[in-house]
Amino acid sequence: MSLPFHLYASVPLAGEATTLHRDLTGTLMDRVPTATASALTAMGPQTTRWGLTVTALPTTTARVTNSHELGGAEVAWHGDEATTGWPALTGRLVITPQPRYGARLLLLSHRSPDAELATGRIDRLHRRRIVEVSIQRFLHELALQLDGDTTDTPFSDGGTRAFDRRPLFLHHLQDLDTDPDTARHWLLTGLDDLATRATTVAISRAHAALEAGRFRAPARPRVLARPARPEEPATAWIRWTGDEEATGWPQLDLGLLVQAHGDRAQLAVLSVREPGYDRSRNRIDRHQRHELLQHAGAALAAALADGLPVTITRRPGQPRELVSARS
């Protein structure tokens, strides 16, 4: 069973997503402990005022993720939260392109952001507040290392303090043969048409499952698309609405998150709905419904990738060159 991700915090970065990703992953083992130490130092007086005395340091580990994992890096903190004053959690660091700041650094975790610090020494409000501020402060310190001068902070970042922390399940990761900034621009420039065309292709590729399910009506969902807001862990959203019971095609809100991975972009497909149908239900078409829901996000991402046109792409340190997504 897959576990959902929750957005804990994000912070703007000044620079190209690809360059920032390379800098982060190339010096990850040095940057993460340093940022953690800086965050602990900055938070120390506040934590003490809230009634918690820190007597130990958390153990910090980090690694670069594989191509089939969300994010560019994974960071984990271990230790007794009552003595470290730091949440013991594992998170994924994602660098996504943004128009205003150049890029954005996100931290997502399987741990619910509503989970409080595991200690009875302070009240519930401050147990939760320490968890929130710790991760925000860590990201801020990490951002300062990466570009030296963030244009904003996670505490005054206009419109992004109330993060969209709905649980999001990863449905698919799709490699794109272009850089993240180009991918983001392409996706948002023609979002409505891209969403409609890719949905049509995804449905056509699911023809066998739709036929086998013997559904009462053809799959023709209404397609709605919009750019994501800064506080959301996505670049764009695509919504499918329709009579799922009659057609078998799932009603879904799919978040498309363009992330940097290596010198190319990846498209992460996320949804609040799990990528699978409850096959314990006693109905004849449950296997087909499961197959459709399990693969709908992947089919959409593949259709979008296939529609990527011949475009101008650039790798850091190289001149612009023409690259075909189908080459």
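The values are calculated or read from the model by the stated rules, or taken from the named source; none is laboratory data. Because the structure is predicted, anything quoted here is derived from the model rather than measured. Note that we place each Cβ from the backbone using ideal geometry, even for glycine, and neighbour counts take in every protein chain shown. Calculation scope for accessible area: heavy atoms of the full protein, side chains included, ligands and nucleic acids excluded. Shrake-Rupley method; radii C 1.70, N 1.55, O 1.52, S 1.80 Å.
Cβ separations smaller than 9 Å between residues 6+ apart or across chains give the following pairs from region 52-63 residues that are in a strand (DSSP E or B) to residues that are polar (S, T, N, Q): THR59/THR84; THR60/THR36; THR61/THR90.
Matching residues to (1) under 14 Å from TRP249 (Cα atoms); (2) within 21 Å of the chain's Cα centre (by Cα); (3) of a type in the set (A, V, I, L, M):
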site: TRP186; (1), (2), (3): no, yes, no
site: ILE203; (1), (2), (3): yes, no, yes
site: ALA206; (1), (2), (3): yes, no, yes
site: LEU210; (1), (2), (3): yes, no, yes
site: ARG214; (1), (2), (3): yes, no, no
site: PRO230; (1), (2), (3): no, yes, no
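So, of the residues in region 1-47 that are small (Gly, Ala, Ser) and without any contact (Cβ under 8 Å) to a residue 60 or more places away in the chain, which turns out to be farthest from PRO113 (Cα to Cα)?
Within region 1-47, the subset small (Gly, Ala, Ser) is 2, 9-10, 14-15, 17, 26, 35, 37-39, 42, 44.
Those still in the list that are without any contact (Cβ under 8 Å) to a residue 60 or more places away in the chain too: 26, 37, 44.
Details: GLY26: 29, ALA37: 22, GLY44: 21 Å.
Of everything passing the filter in region 1-47, GLY26 is farthest from PRO113 (Cα to Cα).
Within region 185-205, the set of residues being in contact with a strand residue (DSSP E or B) (Cβ under 7 Å, 6 or more places away or on another chain) and open to solvent by 50 Å² or more (accessible area, probe 1.4 Å) comprises ASP192, THR196. Inside region 39-63, residues that are open to solvent by 70 Å² or more (accessible area, probe 1.4 Å) and more than 19 Å from ARG111 (Cβ to Cβ) make up a count of 7.
Here is a yes/no grid of residues against (1) open to solvent by less than 10 Å² (accessible area, probe 1.4 Å); (2) at pLDDT 95 or above; (3) among the basic types (Lys, Arg):
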| site | (1), (2), (3) |
| --- | --- |
| HIS78 | no, yes, no |
| TRP86 | yes, yes, no |
| GLY91 | yes, yes, no |
| ARG100 | no, no, yes |
| LEU106 | yes, yes, no |
| ASP114 | no, no, no |
| LEU125 | no, no, no |
| ARG128 | no, no, yes |
| GLU132 | no, no, no |
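Filter region 76-113 for residues that are in a loop (DSSP other than H, G, I, E, B) and among the hydrophobic types (A, V, I, L, M, F, W, C); which is nearest to the chain's Cα centre (by Cα)?
So in region 76-113, the residues in a loop (DSSP other than H, G, I, E, B) come out as 79-80, 85-89, 99-101, 110-113.
Checking which are among the hydrophobic types (A, V, I, L, M, F, W, C) leaves us with 86, 88-89.
Numbers: TRP86: 23, ALA88: 20, LEU89: 17 Å.
Result: LEU89.
Among the residues making up region 175-184, a single one is modelled with pLDDT of 95 or more and surrounded by fewer than 20 Cβ atoms within 10 Å (Cβ to Cβ): ASP175.
Can you spot a residue in region 37-46 that is of a type in the set (S, T, N, Q) and either in contact with a strand residue (DSSP E or B) (Cβ under 9 Å, 6 or more places away or on another chain) or in a strand (DSSP E or B) (or both)? Break it down stepwise before answering.
First pass over region 37-46, keeping only residues of a type in the set (S, T, N, Q): 38, 41, 46.
Add one more test, that the residue is either in contact with a strand residue (DSSP E or B) (Cβ under 9 Å, 6 or more places away or on another chain) or in a strand (DSSP E or B) (or both), and what stays is none.
Looking for residues that are of a type in the set (S, T, N, Q) and either in contact with a strand residue (DSSP E or B) (Cβ under 9 Å, 6 or more places away or on another chain) or in a strand (DSSP E or B) (or both), one finds none in region 37-46, hence no.
The set of residues in region 64-75 being surrounded by 20 or more Cβ atoms within 10 Å (Cβ to Cβ) and either more than 30 Å from the chain's Cα centre (by Cα) or assigned to a loop (DSSP other than H, G, I, E, B) (or both) consists of LEU70, GLY71, GLY72.
Cβ separations smaller than 9 Å between residues 6+ apart or across chains give the following pairs from region 255-284 residues that are surrounded by fewer than 24 Cβ atoms within 10 Å (Cβ to Cβ) and part of a loop (DSSP other than H, G, I, E, B) to residues that are aromatic (Phe, Trp, Tyr) and modelled with pLDDT of 95 or more: VAL272/PHE169; ARG273/PHE169; GLU274/PHE169; PRO275/PHE169.
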